[in-house]
Amino acid sequence: MKKIGILAIDDNNGHGGGVYQYTQSIIDALKKDKTNIYIVFCYTDDNRFDNVDLKIRKIDKPKSRLFEKIIKAFQYLLFIRKPLFFTKKELKFFSDIDLFLSPAISGYPHFYMNKPFAFTLHDMQERHYPEFFSKYENIVRWLNNRALAKSATKIICESSFVKNDIVKFTGVDEKKIYIIQSPPPEIFLNYKCEDKQLQIVKEKYNLPEKFIFYPAQCWIHKNHIKLVEAFQLVSKKDNDVSLILTGSQQNNYINLIDLIDELGLNNKIKHLGYIDYEDLPYFYKISQFLIIPTLFESISIPIYEAFSLEVAVCSSNVVALPDQIGNAGLIFDPNDVNSMAEKMMMYLNDNELRQDKA
């Protein structure tokens, strides 16, 4: 039996967006495999995976000085896979693992320890929208993707679009790239709606009776701005509907809040920030439908979550999303506010259509 390490090491302090759900899906799937030994690695202050039915190893988050970060960048650039700055404790902590699985774009610890690894490259958005990132972020993404793609034993992605990007932009052999779409975590697959808990969630977040739901980080490509502009048109035709947003209150958040205030939609749009993960399925079930207005997405985890809960989906037509949705939802041009508003109104005006797409 091989010892396989699942790296749930999160440098974003638990705010890594869909990577958490994706990691949870991997754990849910692999814990059913009894032919290998799986060990979940995470930082000491991260309790999100404490209840998984696998071994857990926790380590303090390493602190790197500027000099070390520069050397590590050169290691990435020159493919020098040596643990130059690892402590004896770190080396011992990871030494018995035969293969690492990394759900996120990270080289710690597998790249430096020269261990076999498979990692998931979710997208190469910076190649299509470099303006969405700072110069530093573009350089870091290039370094990470290049070093990890060429060093990995296997690469996982979730759509043929991303696979083609990986081959095009990194030059790796397509034979080591595998398209594996992840199901929603078990919390969604095993969800059972309890009326008492549903009412608790409603009161906990002061949710309106009728709302459209969008869970997403406030990154520019998530397209909250166009969504709010489209929702303004919708609210003029349906005065009862609200828009509920969840996720990070960083990045483009200030611009989003300024626009909501400018359009006088403060009483119609709520941004709740991060919500308790176990409450998330209830948000889907209470909502009218899920809206995904993103400008770039290889696949959308919330769409899988909505499908598993039999909730209708209204989504943009970018990248692989039309393939993911098929005929099971409504799609629109995310740059066309009128198109987005029109599709939302189709759901709001037609309960049978909404139920048919759920």
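The values are calculated or read from the model by the stated rules, or taken from the named source; none is laboratory data. Computed from a predicted model, the values in this text were never measured in an experiment. When we count neighbours, we look across all protein chains shown, and the Cβ atoms used for this are built from the backbone with ideal geometry, even at glycine. Surface accessibility is based on the protein's heavy atoms, side chains included, excluding ligands, DNA and RNA. Shrake-Rupley method; radii C 1.70, N 1.55, O 1.52, S 1.80 Å.
Here's the yes/no breakdown for (1) open to solvent by 10 Å² or more (accessible area, probe 1.4 Å); (2) among the polar types (S, T, N, Q):
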{"residue": "Val201", "(1), (2)": "no, no"}
{"residue": "Tyr205", "(1), (2)": "yes, no"}
{"residue": "Lys210", "(1), (2)": "yes, no"}
{"residue": "Cys218", "(1), (2)": "no, no"}
{"residue": "Ile225", "(1), (2)": "yes, no"}
{"residue": "Lys237", "(1), (2)": "yes, no"}
{"residue": "Ser248", "(1), (2)": "no, yes"}
{"residue": "Asn252", "(1), (2)": "yes, yes"}
{"residue": "Ile257", "(1), (2)": "yes, no"}
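Hey, could you check segment 145-193 for residues that are of a type in the set (Asp, Glu) and in contact (Cβ under 8 Å) with a residue 60 or more places away in the chain and say which is farthest from Leu121 (Cα to Cα)?
Glu186
Which one of Asn164, Asn145, Asn138 is closer than 26 Å to Leu30 by Cα and among the polar types (S, T, N, Q)?
Asn145
Being among the polar types (S, T, N, Q) and within 19 Å of Ser308 (Cα to Cα) is the filter here, so list the residues in segment 319-342 that pass it.
Passing the criteria: Gln324, Asn327.
Could you please give the count of residues in segment 152-161 that are open to solvent by less than 60 Å² (accessible area, probe 1.4 Å) and in contact with a helix residue (DSSP H, G or I) (Cβ under 9 Å, 6 or more places away or on another chain)?
5
Can you name the residue in segment 228-248 that is under 25 Å from the mean Cα position of the chain (by Cα) and not in a helix (DSSP H, G or I) and, of all such residues, is farthest from Leu290 (Cα to Cα)?
Out of the qualifying residues, it is Ser248.
Would you mind listing the helices (runs of 4 or more DSSP H) fully within segment 274-358 where at least 3 residues are open to solvent by 60 Å² or more (accessible area, probe 1.4 Å) and modelled with pLDDT of 95 or more?
It comes to 337-349.
Test Asn251 against the stated conditions and say whether it is farther than 26 Å from Val337 by Cβ and not in a strand (DSSP E or B).
The answer is no for Asn251.
Across segment 193-221, which residue is modelled with the lowest pLDDT among those that are part of a loop (DSSP other than H, G, I, E, B) and over 20 Å from Pro302 (Cβ atoms)?
Among those residues, the one meeting the criterion is Glu194.
Of everything in segment 45-68, what is of a type in the set (Asp, Glu) and under 16 Å from Gln24 (Cβ atoms)? Give them in sequence order.
Once the filter is applied, which keeps residues that are of a type in the set (Asp, Glu) and under 16 Å from Gln24 (Cβ atoms), segment 45-68 yields Asp46, Asp50, Asp53.
Can you pull out every residue in segment 259-273 that is in a helix (DSSP H, G or I) and open to solvent by 90 Å² or more (accessible area, probe 1.4 Å)?
Asp261, Glu262
Scan segment 150-163 for residues that are in a helix (DSSP H, G or I) and more than 20 Å from the chain's Cα centre (by Cα) and jot them down.
Correct list: Lys150, Ser151.
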